[in-house]
Amino acid sequence: MNRLEMDGSGFLLDGKPFRILAGAMHYFRIHPALWEDRFRKLKAMGLNTLETYTAWNIHEPRPGEFHFTGFGDLERYLDLAQKYGLKVIVRPGPYICSEWEFGAFPGWLVAIPGIRLRCFNRPYLEAVERYFNELLPRINRFSCGTGGPVIAVQVENEYGSYGNDKRYLKFLSDLLSKHLPGIMQLTSDGPNYAMLNGGTLPGVWATGNFGSKAADAFEELEKFQPGKPRMCCEFWNGWFDHWGEKHHSRTPEDAGNALREILEHNGNVSFYMFHGGTNFGFFNGANCLGYKQYQPTVSSYDDDAPLNENGAVTPKYELFRAILAEFGSGVDLSVPPPPALPVKAFGKVAMTEQAPLLENLNSLSKPELHATTPCMEELGQSLGFIHYRTKLIRDVENESLVIDEPRDRALVYRNGKYVAAVYCNDSSYEIPFSAKEGDLLDILVENMGRTNYGPFMEPNARKGITCGVRVGNQFQFGWEVYSLPLEDLRGLHYRKVETLPEETPCFYKGEFRVEEPADTFLKIPGKKGIAFLNGFNLGRYWEIGPTRTLYIPAPLLKKGVNTLELFELHRLDALEAELTDTPEL
């Protein structure tokens, strides 16, 4: 039956002692053609269990529209885990944090009247139940009760860091019991009384999330639930990056000492992350520490993990492998782990064509007329950009133009000429402004990722211009509004680039040939924007760093001609990008 059962402070699996040695690795952050390579390396490090979240916004991008293919093919992912002899812990949320857009909540939730997230709120619970009714039966196909690999499932995620609504947790637990009968349930929280007390339920196994001081953490867990198995459900052996910060790293030796302390205290462990992968597209999340303290996460989710972003073994991997073997993982250290996949530098890519956004708005979107500036969610849009256009009805001489509460970064143009950028973190949203009657005012707003953690998730969830636009003290009414999710760029009208244009949002296109696809990294000589390869959204770039490259997995490349498109929001420094074999994190 392969059922996981508690045996005092340890576990039995199919009647035999079992220590959970798990690695977090998310199917939605890895190209599906590379899943097997990553599974082989997870197994070779000495791990016996896969841990994965599920991402609601991947599976239900629009209400009632469910996707379980491609990057969302959870069933294939679980099937491969079983093929490689791995047990699985699934963390279905519905909220997952994970530095992922809105903690995996779909953006359309925000538009539901009367909704409040992560509590016993009927509109929210109805949406959750509809999603779980689709998701959980797919997981149940792989239940340990029928010989499958799924041995445990998590109730919510770090809920004690957010709230204490026991009716809500009970609702989720009951749904899990209904669809996943016989599978052990767990919660994971910071290892202190307040978080543990708020985040779990009687009869549900509580685990802790931490990166060091295992003895102290396990002592708190023992006080809260005496005699139960100890587990670090998220062993933070690395960390993620926000734009504008220094790249985070942790030495193998420091992380290795923390791992050893967990194992010496008879702890179970899940490496967060074992392999981070990539926040492709617009799916990076953000933190928000308070008013004007918004911190969007970069596209790379390398996370300084044992297996790096392109799936190569690191010194941290090698040290962890040796420590796990010392504590009985059973891995043979004389057998090397699977080799890294090829990484190539394909050289320069000339950007030979351009399509200015302001000339292509009607090719990408059909405008809607609104009196005020609606947010994305009011238009049924979750991700990408939104564009506002209006015509001024009077002369304006040295007044303030106020973009009131932009979410998250607004670019302002008068008659197609760049005026200013307004960021949600700016001390003021006012800019000096002069114009003539009849002048065209354009404002392009980028959703840079919804907050995925903490009390500011809901207040910052609506994207676009949230409170209107004023000229002086006068609200500007009468707008053409364009939704720009950028899911399909085929309608763009490109023309040959003659010279580098002045500062304006513009698409650029170039082609390059590949004889044999391999992993590579894209360097872009631009200020800020988005990159697309053969129509696939690779993610964001921004000159403030720390990340200077975007990872391109080999399966995205084609033998022969490939097409690179850049949506540069400001100005390219040169009309060529570069495909290199070295990431710059």
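Yes or no: TYR482 closer than 16 Å to THR373 by Cβ, touching an Asp or Glu at 6+ places or on another chain (Cβ under 9 Å) and either modelled with pLDDT under 95 or aromatic (Phe, Trp, Tyr) (or both)? Walk me through how you get there before you give the answer.
On the way: closer than 16 Å to THR373 by Cβ: yes; touching an Asp or Glu at 6+ places or on another chain (Cβ under 9 Å): yes; either modelled with pLDDT under 95 or aromatic (Phe, Trp, Tyr) (or both): yes.
Yes, satisfied.
Do we have GLY107 as surrounded by 22 or more Cβ atoms within 10 Å (Cβ to Cβ) and among the small types (Gly, Ala, Ser) here? Steps first, please.
On the way: surrounded by 22 or more Cβ atoms within 10 Å (Cβ to Cβ): yes; among the small types (Gly, Ala, Ser): yes.
Criteria met by GLY107.
Here are the criteria: (1) within 19 Å of ASN473 (Cβ to Cβ); (2) part of a strand (DSSP E or B); (3) not aromatic (Phe, Trp, Tyr). Tell me which single one ASP442 does not satisfy.
(1)
Just to be sure before I move on: is GLU543 within 18 Å of GLU446 (Cα to Cα), surrounded by fewer than 17 Cβ atoms within 10 Å (Cβ to Cβ) and not hydroxyl-bearing (Ser, Thr, Tyr) in the structure I sent? Break it down stepwise before answering.
Working: within 18 Å of GLU446 (Cα to Cα): yes; surrounded by fewer than 17 Cβ atoms within 10 Å (Cβ to Cβ): yes; not hydroxyl-bearing (Ser, Thr, Tyr): yes.
Yes; evaluated as a whole, the condition is true for this residue.
Out of everything in region 328-346 that is of a type in the set (Val, Ile, Thr) and in a loop (DSSP other than H, G, I, E, B), what residue ends up being nearest to ALA44 (Cα to Cα)? If you could, list the steps in order and put the result at the bottom.
Kept after step one, since they are of a type in the set (Val, Ile, Thr), are these residues of region 328-346: 331, 335, 343.
Keeping just the survivors that are in a loop (DSSP other than H, G, I, E, B) gives 331, 335.
On the way: VAL331: 7, VAL335: 9 Å.
Per the criteria, the residue is VAL331.
Within region 495-511, identify whether any single residue is of a type in the set (Phe, Trp, Tyr), closer than 21 Å to PHE283 by Cα and buried (at least 22 other Cβ atoms within 10 Å of the Cβ), and answer yes or no.
If we filter region 495-511 for residues that are of a type in the set (Phe, Trp, Tyr), which is where we start, we get 507-508.
This time we only want the ones that are closer than 21 Å to PHE283 by Cα, so: 507.
Checking the rest, the ones that are also buried (at least 22 other Cβ atoms within 10 Å of the Cβ) come to 507.
Among the residues of region 495-511, at least one is of a type in the set (Phe, Trp, Tyr), closer than 21 Å to PHE283 by Cα and buried (at least 22 other Cβ atoms within 10 Å of the Cβ), which makes the answer yes.
From ASP303, ASP395, which residue is touching a residue at least 24 places away in the same chain (Cβ under 8 Å) and either surrounded by 13 or more Cβ atoms within 10 Å (Cβ to Cβ) or under 29 Å from LEU533 (Cα atoms) (or both)? Please lay out each step first, then the result.
Values: ASP395 fails: either surrounded by 13 or more Cβ atoms within 10 Å (Cβ to Cβ) or under 29 Å from LEU533 (Cα atoms) (or both).
When all the criteria are applied, what remains is ASP303.
Picking from ASN287, ASN310, which residue would you name as being crowded, with 17+ Cβ neighbours inside 10 Å, in contact (Cβ under 8 Å) with a residue 12 or more places away in the chain, in contact with a strand residue (DSSP E or B) (Cβ under 9 Å, 6 or more places away or on another chain) and outside any loop (DSSP other than H, G, I, E, B)?
On the way: ASN310 fails: outside any loop (DSSP other than H, G, I, E, B).
Exactly one residue qualifies, and that residue is ASN287.
Just wondering, is there one or more residues in region 409-425 that are modelled with pLDDT under 95 and of a type outside the set (Val, Ile, Thr)? Let's see the steps before the verdict.
Within region 409-425, the first condition is being modelled with pLDDT under 95, and the residues that meet it are none.
Checked region 409-425: no residue is modelled with pLDDT under 95 and of a type outside the set (Val, Ile, Thr).
Among the residues of region 67-83, is there at least one that is without any contact (Cβ under 8 Å) to a residue 12 or more places away in the chain and either polar (S, T, N, Q) or out of contact with any Phe, Trp or Tyr (no Cβ under 9 Å at 6 or more places or on another chain) (or both)?
Yes: region 67-83 contains one or more residues that are without any contact (Cβ under 8 Å) to a residue 12 or more places away in the chain and either polar (S, T, N, Q) or out of contact with any Phe, Trp or Tyr (no Cβ under 9 Å at 6 or more places or on another chain) (or both).
For region 1-29, which residues satisfy the criterion of being in contact with a strand residue (DSSP E or B) (Cβ under 7 Å, 6 or more places away or on another chain), in contact (Cβ under 8 Å) with a residue 60 or more places away in the chain and of a type in the set (A, V, I, L, M, F, W, C)?
Correct list: LEU4, PHE11, LEU13, ILE20, LEU21, ALA22, ALA24, MET25.
Going by the conditions given, is LEU522 part of a strand (DSSP E or B), among the hydrophobic types (A, V, I, L, M, F, W, C) and either touching a Ser or Thr at 6+ places or on another chain (Cβ under 8 Å) or more than 28 Å from LEU358 (Cβ to Cβ) (or both)?
Working: part of a strand (DSSP E or B): yes; among the hydrophobic types (A, V, I, L, M, F, W, C): yes; either touching a Ser or Thr at 6+ places or on another chain (Cβ under 8 Å) or more than 28 Å from LEU358 (Cβ to Cβ) (or both): yes.
When the stated conditions are applied, LEU522 passes them.
Give LEU50, LEU34 a once-over and let me know the one that is assigned to a strand (DSSP E or B) and touching a Gly at 6+ places or on another chain (Cβ under 8 Å).
It is LEU50.
If you check PRO455 against the conditions, is it within 21 Å of the chain's Cα centre (by Cα), outside the structural domain of ARG116 (by TED's automatic domain parsing) and of a type outside the set (Val, Ile, Thr)? Explain how you work it out, then say what you get.
Values: within 21 Å of the chain's Cα centre (by Cα): yes; outside the structural domain of ARG116 (by TED's automatic domain parsing): yes; of a type outside the set (Val, Ile, Thr): yes.
The answer is yes for PRO455.
Hey, could you check region 440-461 for residues that are among the acidic types (Asp, Glu) and modelled with pLDDT of 95 or more and say which is surrounded by the most Cβ atoms within 10 Å (Cβ to Cβ)? Let's see the steps before the verdict.
So in region 440-461, the residues among the acidic types (Asp, Glu) come out as 442, 446, 458.
Those still in the list that are modelled with pLDDT of 95 or more too: 442, 446.
Details: ASP442: 23, GLU446: 27.
Looking at the filtered set, the residue picked out is GLU446.
Give the residue that is farthest from GLU430 (Cα to Cα), with candidates limited to residues of region 458-499 that are in a strand (DSSP E or B) and within 21 Å of the chain's Cα centre (by Cα). Give the steps one after another, and end with the answer.
Taking region 458-499 first, the residues in a strand (DSSP E or B) are 464-465, 469-471, 474-475, 479-484, 495-496.
When the remaining residues are screened for being within 21 Å of the chain's Cα centre (by Cα), the result is 464, 484.
Values: GLY464: 16, LEU484: 25 Å.
Per the stated criteria, the residue is LEU484.
Which is free of Cβ contacts under 8 Å to residues at least 40 places away in the same chain, of a type in the set (A, V, I, L, M) and buried (at least 22 other Cβ atoms within 10 Å of the Cβ), of ILE552, ILE530, ILE524? Break it down into steps so the answer makes sense when it comes.
Details: ILE530 fails: free of Cβ contacts under 8 Å to residues at least 40 places away in the same chain; ILE524 fails: free of Cβ contacts under 8 Å to residues at least 40 places away in the same chain.
None of the other options fit; the residue is ILE552.
Filter region 406-439 down to the residues that are of a type in the set (Gly, Ala, Ser) and part of a strand (DSSP E or B), then identify the one that is surrounded by the most Cβ atoms within 10 Å (Cβ to Cβ). Write out each step before concluding.
Applying the first criterion (of a type in the set (Gly, Ala, Ser)) to region 406-439 yields 410, 416, 420-421, 427-428, 434-435, 438.
If we keep only those that are part of a strand (DSSP E or B) too, we end up with 410, 420-421, 434-435.
On the way: ALA410: 24, ALA420: 16, ALA421: 19, SER434: 13, ALA435: 19.
Out of the qualifying residues, it is ALA410.
Specify which of the listed residues (VAL471, VAL481, VAL497, VAL514) is hydrophobic (A, V, I, L, M, F, W, C), touching a residue at least 24 places away in the same chain (Cβ under 8 Å) and within 22 Å of ALA111 (Cβ to Cβ).
On the way: VAL471 fails: within 22 Å of ALA111 (Cβ to Cβ); VAL497 fails: within 22 Å of ALA111 (Cβ to Cβ); VAL514 fails: within 22 Å of ALA111 (Cβ to Cβ).
Within the list VAL471, VAL481, VAL497, VAL514, the selection yields VAL481.
Condition (residue is of a type in the set (D, E, K, R), surrounded by 15 or more Cβ atoms within 10 Å (Cβ to Cβ) and more than 21 Å from HIS265 (Cβ to Cβ)) applied to region 12-31: is it met by at least one residue?
Quick first cut of region 12-31, residues of a type in the set (D, E, K, R) only: 14, 16, 19, 29.
Subsequent filtering for residues that are surrounded by 15 or more Cβ atoms within 10 Å (Cβ to Cβ) retains 19, 29.
Subset that is more than 21 Å from HIS265 (Cβ to Cβ): 29.
Checking region 12-31: at least one residue is of a type in the set (D, E, K, R), surrounded by 15 or more Cβ atoms within 10 Å (Cβ to Cβ) and more than 21 Å from HIS265 (Cβ to Cβ).
For region 414-443, what are the residues that are over 29 Å from GLY290 (Cα atoms) and hydroxyl-bearing (Ser, Thr, Tyr)?
TYR418, SER434
Mind listing whichever residues of region 97-151 are within 26 Å of SER161 (Cα to Cα), among the small types (Gly, Ala, Ser) and outside any helix (DSSP H, G or I)?
SER98, GLY114
For region 226-275, how many residues are in a loop (DSSP other than H, G, I, E, B), buried (at least 20 other Cβ atoms within 10 Å of the Cβ) and either of a type in the set (D, E, K, R) or not assigned by TED's automatic domain parsing to the domain that holds MET45 (or both)?
Summing the residues that are in a loop (DSSP other than H, G, I, E, B), buried (at least 20 other Cβ atoms within 10 Å of the Cβ) and either of a type in the set (D, E, K, R) or not assigned by TED's automatic domain parsing to the domain that holds MET45 (or both) in region 226-275 gives 2.
Among the residues of region 367-388, which ones are surrounded by fewer than 18 Cβ atoms within 10 Å (Cβ to Cβ), polar (S, T, N, Q) and under 24 Å from GLY539 (Cα atoms)?
None; the set is empty.
I need a count of the residues in region 320-344 that are hydrophobic (A, V, I, L, M, F, W, C), more than 30 Å from PHE18 (Cβ to Cβ) and exposed (fewer than 14 other Cβ atoms within 10 Å of the Cβ).
Residues flagged as hydrophobic (A, V, I, L, M, F, W, C), more than 30 Å from PHE18 (Cβ to Cβ) and exposed (fewer than 14 other Cβ atoms within 10 Å of the Cβ) within region 320-344 amount to 0.
The values are calculated or read from the model by the stated rules, or taken from the named source; none is laboratory data. These numbers come from a predicted model, not from an experiment. Counting neighbours? That spans all protein chains shown, and the Cβs are built from the backbone with ideal geometry, glycine included.
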